[in-house]
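Q: My questions all concern the structure below.
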Amino acid sequence: MRCISTWLTALGLLTAVATAQPAPPADAPSPPPPAVPPTPPEPQKAPAPVAGFDKGFFLRSDDGTYSLVLTGRVQPFYNLTRSATPNAADPDDDIVDYRNQFEVRRARLVLDGNLHGKALTYKFQTDFGRGVVSVRDVHFDLALAKDVWLRFGQWKRPFSRQQINSSGRLEITDRAITDRAFGAGRDVGIALRNNYEKSPELEWTLGVFNGTGEAPRLAGTVTVDPATGAGTIGTTTNTNVPSKFKPAVIGRVGINRNGLKGYSEADLEGGPLRFGVAASIWLEGDFDDDDRSNHKVEVDYIVKAEGLSTTGGIYAMTDQDGDSVLDAETSLVGFHVQAGYMANKHWQPAARFAWVNDPRQKAKTARDQQEISLGVNYYGAGHDAKFAGAVRLIKSGDASFADAILFELGANIGW
């Protein structure tokens, strides 16, 4: 009996051990939250460079209140001219003369930028070409309202597209005969304008100028010795400031479409049709009492499309013929038309015809001229690295086109 009790006790102990569960382990401590790195500060924008190159070498203050941009261009040329004049001793023969030379046609240095903020800009351009130093442009522009500026100083009269065009942006080696015939160029004056030189959709400007141009005039007194006839020069002046201005009132208005660069010849940009049309008027007074004044009008155009470019203009001028500026007669009419085509991104042939006539004269005079020009350009880096060659035939009066032939070979190197 005791034996059975002992076995039962042992069996109970084994059963208890088999069914016993270990005590649950104590809860492990929670891990600490992961460390969150601090938010890095936003990177500061790099300050705008105050010196460098961007379409010209520039310097500017940190806040842009003052800036200076330096650009320039040089145009070395070789010229060969053949001229023929009648031989009085032999009417069937001509006296032929050849002249040739190298020249630095233009060597321009331009400084422009802004002063005391963005509302006052300036431009200064000088030329060292052909051995003569001269000031070409010096003017300031003051912002009056959105797209309205007041300009004062010396700059190109806003008359005709080919004159407003920079000489470094031409597709033939020089401008047409109409440019000189109708008296474009620079002058001193004041004008209201929008940004017309950048070809906005609507361009306009209206200014008043001296009417005497940029070139200085030498004046003075000479005392003649009655015994010897020798002259002694007294006081002299050499200035482009007239004692009395005419003046000349010049206005221009035009339209441009599809992002046209209207004051740069040749379709270097490429792309679909772009065009511009503009008209200019030039009215002169006679405040200097010399009974000489003239009025001029012109209409010009430019078209570019897929490498093709064409531009031209029609001109008319009157001369004073009496005591009043209203006593006027038509003294000169003319036109020019030219075209070029970018055969590829470097090569472009171009051609031009121009005609100028004095309608008052029945017989041909030296003022009656015609021009035929053929040119080829190589653009290494647009107009800023351009090599150009042209043959220009200019007929004056009763002469033939073969009587004046000009061959020009040169380059425009700019930055």
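Q: Calculate for the chain the 222 nm mean residue ellipticity that helices alone would give, adding -39,500 (n - 2.57) per DSSP H run of length 4 or more and normalising by residue count, nearest 500 deg cm²/dmol.
A: -2000 deg cm²/dmol
Q: Would you work out the Kirkwood radius for region 149-195? I mean one over the mean of 1/r across all pairs of different Cα atoms, in Å. Don't skip to the answer; put the middle values down first.
A: Values: mean 1/r = 0.0846 Å⁻¹.
With all distinct Cα pairs of region 149-195 included, I get 11.8 Å.
Q: Quote the convex hull volume per residue of region 236-281, based on C-alpha atoms, as a whole number of Å³. Walk me through the numbers on the way to the answer.
A: Values: hull volume 5.2 nm³, N = 46.
Hull volume over Cα atoms, normalised by residue count, gives 114 Å³.
Q: What translational diffusion coefficient, to the nearest whole µm²/s, does region 259-348 have by Stokes-Einstein, given a Kirkwood radius computed over alpha-carbon pairs, a temperature of 20 °C and 1.002 mPa s viscosity?
A: Working: Rh = 15.3 Å.
Using the Kirkwood radius from Cα pairs, D works out to 140 µm²/s.
Q: If you don't mind, there's one more thing I want to ask. Mind listing the phi-derived Karplus ³J(HN,Hα) values for region 324-341, rounded to whole Hz, using 6.51, -1.76 and 1.60 with θ = phi - 60°, and x for any glycine or proline?
A: 10, 5, 7, 7, 9, 9, 5, 10, 7, 9, x, 7, 8, 9, 9, 8, x, 9
Q: At LEU374 and VAL104, where each label point lies 7 Å from the Cα along Cα→Cβ, what is the point-to-point distance in nanometres?
A: 3.3 nm
Q: Given an 8 Å cut-off on Cα distances and at least 6 residues of separation, report the relative contact order of region 33-144 as a percent.
A: 19 percent
Q: Let me ask something else about it. What is the set of long-range amide H partners of GLY307 at a cut-off below 5 Å, with H atoms built 1.01 Å from backbone N?
A: Long-range HN contacts for GLY307: GLY270, GLY271.
Q: What residues qualify as long-range amide H neighbours of ASN240, i.e. H under 5 Å apart, gap of 5 or more or another chain, H built at 1.01 Å from N?
A: The answer is ARG217.
Q: So, one more: Please provide three numbers in whole Å: the alpha-carbon extents of region 163-296 along the principal axes, with the largest listed first.
A: Over region 163-296, Cα extents along the principal axes are 77, 32, 20 Å.
Q: Would you mind checking the radius of gyration and Dmax of region 299-345 based on alpha-carbon positions, in Å?
A: Over region 299-345's Cα set, Rg and Dmax evaluate to 17.7, 57 Å.
Q: May I ask you to evaluate 6.51 cos²θ - 1.76 cosθ + 1.60, the Karplus curve with θ = phi - 60°, for each residue of region 383-400 and list the ³J(HN,Hα) values in order in whole Hz, giving x for glycine and proline?
A: 5, 7, 9, 10, 10, 9, x, 7, 10, 10, 10, 10, 9, 10, x, 8, 5, 9
Q: Quick one: if you take sqrt(5λ) for each eigenvalue of the C-alpha gyration tensor of region 181-246, what semi-axes come out, biggest first, whole angstrom? Could the numbers behind the result be given before it?
A: Working: eigenvalues 360, 23, 13 Å².
The equivalent ellipsoid of region 181-246 has semi-axes of 42, 11, 8 Å.
Q: Right, here's the next one. Give the relative contact order (percent, whole number) for the chain; include only Cα pairs under 8 Å separated by 6+ residues. Before the final figure, lay out each step's value.
A: Working: 1004 pairs, mean separation 50.6, N = 415.
Dividing the mean separation by the residue count of the chain yields 12 percent.
Q: Further question: Residue separation times 0.36 nm, minus the C-alpha to C-alpha distance between LYS146 and HIS346: what's the value?
A: Values: separation 200, 0.36 × 200 = 72.00 nm, distance 3.87 nm.
That works out to 68.1 nm of additional length.
Q: In debye, nearest 20, what is the charge dipole magnitude of the chain about its Cα centre with +1 on Lys and Arg Cβ and -1 on Asp and Glu Cβ, if you could check?
A: On the way: 44 positive and 49 negative charges, 361 e Å.
Computed charge dipole of the chain: roughly 1740 debye.
Q: Would you mind checking region 57-87 for residues with the amide N under 19 Å from a putative spin-label position 7 Å along Cα→C-beta of ALA48?
A: Under 19 Å, as judged by backbone N against the label point of ALA48, lie 57-71 of region 57-87.
Q: Once you keep just the Cα pairs under 8 angstrom separated by 6 or more residues, what percentage relative contact order results for region 157-256? Let's see the in-between values first.
A: Details: 156 pairs, mean separation 29.4, N = 100.
After rounding, I find 29 percent.
Q: Towards the positive end of the charge dipole of region 65-414, with charges on Cβ (+1 Lys, Arg; -1 Asp, Glu), say which of ALA366, GLN163, VAL148 has the farthest Cα.
A: The Cα lying farthest towards the positive end belongs to VAL148.
Q: To one decimal place, what Kirkwood hydrodynamic radius in Å is obtained for region 272-404 from all pairs of distinct Cα atoms? Mind dumping the intermediate values first?
A: Details: mean 1/r = 0.0575 Å⁻¹.
Value: 17.4 Å, from the Cα pair sum.
Q: A further question on this structure: For q = 0.14 Å⁻¹, what log10 I(q)/I(0) does the chain give under the Debye formula with an equal point scatterer on each alpha carbon and no solvent?
A: Here the Debye-derived log intensity ratios amount to -1.49.
Q: Where does helix 2-19 land angle-wise versus the long Cα axis of the chain, in degrees 0 to 90, nearest 10?
A: In the chain, helix 2-19 runs at an angle near 10 degrees to the longest axis.
Bear in mind that the values in this text are calculations on the coordinates, not laboratory data. Please read all numbers here as calculations on a predicted model, not as lab measurements. So basically every Cβ, Gly included, is an ideal-geometry build from the backbone, and we count neighbours across all protein chains shown.
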